[in-house]
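Following: one structure in structure tokens, then a few remarks.
Values quoted throughout were computed directly from the atomic coordinates according to the rules given, and no laboratory measurement underlies them. As the structure is a computational prediction, the values presented were derived from the model and not from experiment. A quick note on method: Cβ atoms are made from the backbone with ideal geometry, for glycine too, and the neighbour counts reach across all protein chains shown.
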Amino acid sequence: MSPLARAAIHGWALRTPLGSEPEVLLARLLAGERAASPCPMYDASSYPCSLAAAIPVPPLASRRRKFLPRMGLYAVEVGVAALAQARLRVPQLATLAPERLGLFFGYGGLRAPWDELMVAMAEQRSDLEASWERGLRHLHPFFMLQQLSNNAHALCAEEVLARGEGVTLSGPNAGAQALASATAALAAGAVDAALCVAYDSLLAPEVLIEQGLRGALTAARTVEELRAPYDPEAAGAVPGEAAAALVLVREDWPMAPLAYVRAADGADAGAGGQQGPAGRTLARLAQLVLTGPVSVVDGAAQAVSAADRAELAALESAEILTADARLTATLGSLGQVGAAAPLVQAIALATALRAGQLPPVAGLAAGRAAGAVRLATGAMATAARAALALSAGARGFGGAVGIEIEGASHG
Amino acid sequence: MSEVVITGVGVVSPFGIGLAPFFAGLRAGGCAVGPIRHFDASALPVQVAGEVPLPFRTCAPCALPLMQLCQTRLGIILDERSQAALYQADHAGALADRKVVFATLAALEAWRDAGCGEAERRAPSYLGLGLELGLLDDLTDLLDAQGGGPLDFDRDRGEPLVRLRAPVDLGASVVRRLLGLQAAAVVNVSACAAGALAIADAAALIRRGHAQVVLCGGADSMVNPLGLGGMARLGAPSPRAAADACRPFDRRRDGLVIGEGAALFVLEAAERAAARGARVYARVLGWGSTQDGYRVTAPRPDGSQAARAMQQALRRAGVSPDGDAVGYINAHGTGTPLNDPAEAHAIAAVFGDRTPELPVSSIKGAVGHLMAAAGALELAACLLAFTDDLLPGTAHHREPDPDCPIRVLGPGPQPARIEVALSNSFGFGGQNACLAIGRPRP
């Protein structure tokens, strides 16, 4: 048995490069679509990575815009939408005391707000003489609020009236950590319902430069040149972005949930470099969230051949897959979405299991698998009721999410 | 359910490097707020801060002076592995960030203080960290190099021309490598409640049996032009460039003073600490976490959710607010017009008739507001009540405010023997945290 508590999902919402509805996302994943295109946000043609997968729709019009950068607006949107869905499905949630609703946020970290900063910085001198007069005085009065580390959390709490336990976590693993924190709080009875939100964007110029130079992001100039994750010649992922939210309650609530979830996070011992987690770290985390072998895995899809091979080898040796297991790669279609990955994968996987359909690893030609684990190279039917999602971040951090739908044979 | 105890403390504060100068400053009723020295702030609207007296500039390679500082101020000589980790961090530019340097020093002191070694290296770390806003030096380099043009990079060196923004978990990453910690780090960025919530998470982990030892706390610095400039535009700091710029709960209060520093703790299951004969500073009895759900720019005026955080902490601690167990509250006490009355109302709501006799103080007048690290440093201040039977004073509090109907201690420390202390941290955006700690068992 997994040592971790299982929570029931009663509401979800997401914004991804391939859609803002779980069913739309699944349809596009099943069609083998990839969201990558030349970076639509700015001219990245001279950068070491120039492809990107952006959320195509702007945030909804909001009076919060003055307080929140773009990704924060998406985060509040999905939080509100997920809770609204859950309140429709579960009458008890509609009447739940605000003091019993917890809010757990995870995001990758703030990015440099270039538009704001350039106004303040353009006339600065290296010795910082008269820095106020030279530009800092031009900062918008709400600059600090826009940079506030928990601004999306605070506005979401206000919007959904959440007054229970709350936490904002950050870093490459923050989504998995927020999810693990939410399920632990539910299990301990600290809250009766938890809204968990994760968001991240890897589309900032500095990320394309730094991660592109390190080979973590693809150097392909066109989608046609792009190698899929788990291709033996894969040489970097596509940077993506996403926001996603889950509404969780304890599994003993009487109504049937959308799915059940367990989450774990961890890291390589003593790691501090830029690389993703070792395969054995991912396998160890997988064992924490599973109660038996699974036949569906959504891989970390780092699209770096050595890392992909190590992940597949670790999955094989950990004996957590059934003989007929198939591996898919949501993040191969969406791009790497940083801290948002575990929640996005949870929604995509659960929707796929509920539909009885497994998407392929987009762009992966048949027969080009990097290991012995069988990869889904085309959309296929599945009767699986349980699945595993893995995610990888820099500095050796990894996350694992176990998903089950009604009728799972274990758990 | 394991009892949780504090067995190691590391502090970097405006009073100096280490727990000893911090306690000495509090014992003396001192004030470490003064003119900013590590860069020219004369043209900024904010010119005073609770600045850590670091004897070297962090923007230059600083692994060597940092190691010297460890040796001279903390008596710590790094082993070969830790030295290598420090040089690696320096090479990667990580030590250019003051809060990373603070976290490093505090972690080393806490780890040594607790007598941790190889057996404790599996400890998870929970850090409350502020976000990187110390961009100004780097940005001026960038603009000089490129004339304000689009971002570029150095293909020959294989890296960007400048470090544009440090990863938010940089400090945690450096500490993990330095101490050789095996477990993951969790970075809490819940604004001014981050440090306290990181400690609460760590305590929960131990109490629920998921860990035996956890390194936790907070580190932050916004004492840089962009941090100060941004806060000034927001109107949060006191407009007065004086050492008494922050006057918590005082009728004349007009804003906060920004501080910087770090406080890290080794939390441990009590039975484990007892088995190895570790010194215990205090027991972590309870914690509370709530959200205002009110406004991002202001606390709830009635303090009702802040009160609930205190009630949660007391409930977990098994302590009644009606009895005389709670002998002291270290308030969030920012010295801003809105925060202090809201907190005072919250305290009064929890403690009712006991409120007029219950000692409350805020150390922010003495050291400034350490933002993400505030709750951690203030928990360290509470330990003085058990180590010295002294309650820290409230620097610059001279004229009580009728809108803050609580018993605020004056500038000097007050002798008292207490059993339980509360430490409040109420973050911008309405995230509230409260920690309850108790005197060690005899």
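Compute and list, largest first, the equivalent-ellipsoid semi-axes of the stretch B:197-262 from the alpha carbon gyration tensor, each √(5λ) rounded to a whole angstrom.
35, 15, 9
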Measure out, as a whole number of angstrom, how far apart the alpha-carbon centroids of the stretch B:23-51 and the stretch A:372-390 sit. 59 Å
For q = 0.14, 0.15 Å⁻¹, what log10 I(q)/I(0) does the stretch B:197-321 give under the Debye formula with an equal point scatterer on each alpha carbon and no solvent? -0.90, -0.98
Which of A:THR222, A:THR382 has the fewest Cβ neighbours within 10 Å, and the rest in rising order: A:THR222, A:THR382
If you take the square roots of the eigenvalues of the alpha-carbon gyration tensor of the stretch A:129-253 and sort them as a ≥ b ≥ c, do you get rounded (a/c under 1.5), prolate (a/b over b/c) or oblate? oblate
Taking H placed 1.01 Å from N in the peptide plane, check which residues at least 5 places from A:LEU169 or on another chain put their amide H under 5 Å from its amide H. A:PHE105, A:GLY106, A:TYR107, B:VAL189
Run the dipole for the protein assembly as shown about the Cα centre, Lys and Arg Cβ at +1, Asp and Glu Cβ at -1, nothing else charged, and hand back the magnitude in debye, nearest 20. 1040 debye
Using a/c under 1.5 as the rounded threshold, could you call the stretch B:1-94 rounded, prolate or oblate? The axes a ≥ b ≥ c are square roots of the C-alpha gyration tensor eigenvalues, and prolate needs a/b larger than b/c, oblate otherwise. oblate
Of the options B:GLY277, B:LEU54, A:ALA307, report the single residue whose Cα projects farthest towards the positive end of the charge dipole of the protein assembly as shown (beta-carbon charges: Lys, Arg +1; Asp, Glu -1). B:GLY277
Two pseudo-spin positions, 7 Å from Cα along C-beta at A:ALA61 and at B:ASP254, lie apart in nanometres by 4.2 nm
Per-selection metrics, the stretch B:296-345 (Cα): Rg and Dmax in Å: 12.1, 35
Residue span A:ARG354 to A:VAL24: 0.36 nm per residue of separation minus Cα-Cα distance leaves a gain in nm of 117.4 nm
Rounded to two decimals, the Rg over Rh value of chain B from Cα coordinates and the Kirkwood Rh reads 0.96
Which GluC sites (Glu not before Pro) in the stretch A:179-227 pass both tests, a DSSP loop state and at most 11 other beta-carbon atoms within 10 Å? A:GLU224, A:GLU225
With θ set to phi - 60° and the Karplus curve 6.51 cos²θ - 1.76 cosθ + 1.60, what are the ³J(HN,Hα) couplings of the stretch B:383-400 in order, to the nearest whole Hz, using x for Gly and Pro? 5, 4, 5, 9, 7, 10, 6, 10, 9, x, x, 10, 4, 6, 8, 10, 10, x
Springs between alpha-carbon atoms under 10 Å, Gaussian network over chain A: tell me which of A:GLN177, A:GLN345, A:GLN211 tops the mean-square fluctuations. A:GLN211
With +1 on each Lys and Arg Cβ and -1 on each Asp and Glu Cβ, and nothing else charged, work out how big the dipole of the stretch B:1-130 is about its Cα centre, in Debye to the nearest 20. 220 debye
For the modelled label position 7 Å from the Cα of B:ARG295 along Cα-to-Cβ, which residues of the stretch B:396-438 have backbone nitrogen atoms closer than 14 Å? B:429-430
GNM top mover of A:ALA130, A:ALA237, A:ALA394 - chain A, alpha-carbon springs below 10 Å: A:ALA130
If each of A:ARG309 and A:GLU406 carries a label point 7 Å out from its Cα toward its Cβ, how far apart are those two points in nm? 4.6 nm
Compute the distance in nm between two label points, each set 7 Å from the Cα along the Cα-to-Cβ direction, one at B:ARG208 and one at B:ALA275. 2.2 nm
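Grab the beta carbon distance between B:ALA416 and A:ALA256, set R0 = 56 Å, and tell me the FRET efficiency rounded to 0.05.
The computed FRET efficiency comes out at 0.50.
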Pairs of Cα atoms under 8 Å, at least six residues apart: use those to get the relative contact order of the stretch A:7-120, whole percent. 27 percent
Residue-by-residue Karplus 3J(HN,Hα) for the stretch B:173-186, coefficients 6.51, -1.76, 1.60, Hz, glycine and proline x: 5, 5, 5, 4, 5, 4, 8, x, 5, 8, 8, 6, 10, 10
Interchain or long-range residues, amide H under 5 Å from B:GLY335's placed H: B:PHE249, B:ASP340
I'd like to know which of B:LEU228, B:ASN339, A:ASN150 lies farthest towards the positive end of the charge dipole of the protein assembly as shown, counting +1 on Cβ of Lys and Arg and -1 on Cβ of Asp and Glu. B:ASN339
FRET efficiency for A:ARG374 and B:SER42 from the Cβ-Cβ distance with R0 = 51 Å, rounded to 0.05, comes out at 0.15
Per residue, how big is the convex hull around the C-alpha atoms of chain A? Give it to me in cubic angstrom, could you? 136 Å³
Within chain B: Cβ-based charge dipole about Cα centre, in debye rounded to nearest 20 (Lys, Arg +1; Asp, Glu -1): 740 debye
Quick one: if the Förster radius is 30 Å, what FRET efficiency do B:ASP324 and B:ARG240 give, using the C-beta to C-beta distance and rounding to 0.05? 0.20
Please grab the % of Cα pairs in the stretch A:1-116 that end up more than 26 Å from each other. 38 percent
Quick check: the distance between the Cα centres of the stretch B:168-246 and the stretch B:83-100, to the nearest angstrom? 18 Å
Based only on the alpha carbon positions, what is the Kirkwood hydrodynamic radius of the protein assembly as shown, in angstrom? 26.7 Å
Largest fluctuation, A:ALA243, A:ALA340, A:ALA384 only, Gaussian network model of chain A with Cα springs under 10 angstrom, belongs to A:ALA384
For the stretch A:289-303, in order, what is each residue's ³J(HN,Hα) by Karplus, 6.51 cos²θ - 1.76 cosθ + 1.60 with θ = phi - 60°, in whole Hz (x at glycine and Pro)? 9, 10, 10, x, x, 10, 10, 10, 10, 9, x, 5, 6, 5, 6
Mind sorting B:MET67, B:MET222, B:MET371 by how few other Cβ atoms lie within 10 Å of their own Cβ, fewest first? B:MET67, B:MET222, B:MET371
Relative contact order of chain A (C-alpha contacts under 8 Å, at least 6 apart) in percent is 24 percent
What relative contact order, as a whole-number percentage, does chain B give when Cα pairs under 8 Å and 6 or more residues apart are counted? 23 percent
Can you give me the Rg/Rh ratio for the stretch A:65-177, using Cα atoms for both radii and the Kirkwood formula for Rh? 1.12
Label-reachable residues, the stretch A:177-199, where backbone N falls under 16 Å from a point 7 Å from A:GLU159's Cα toward its Cβ: A:195-199
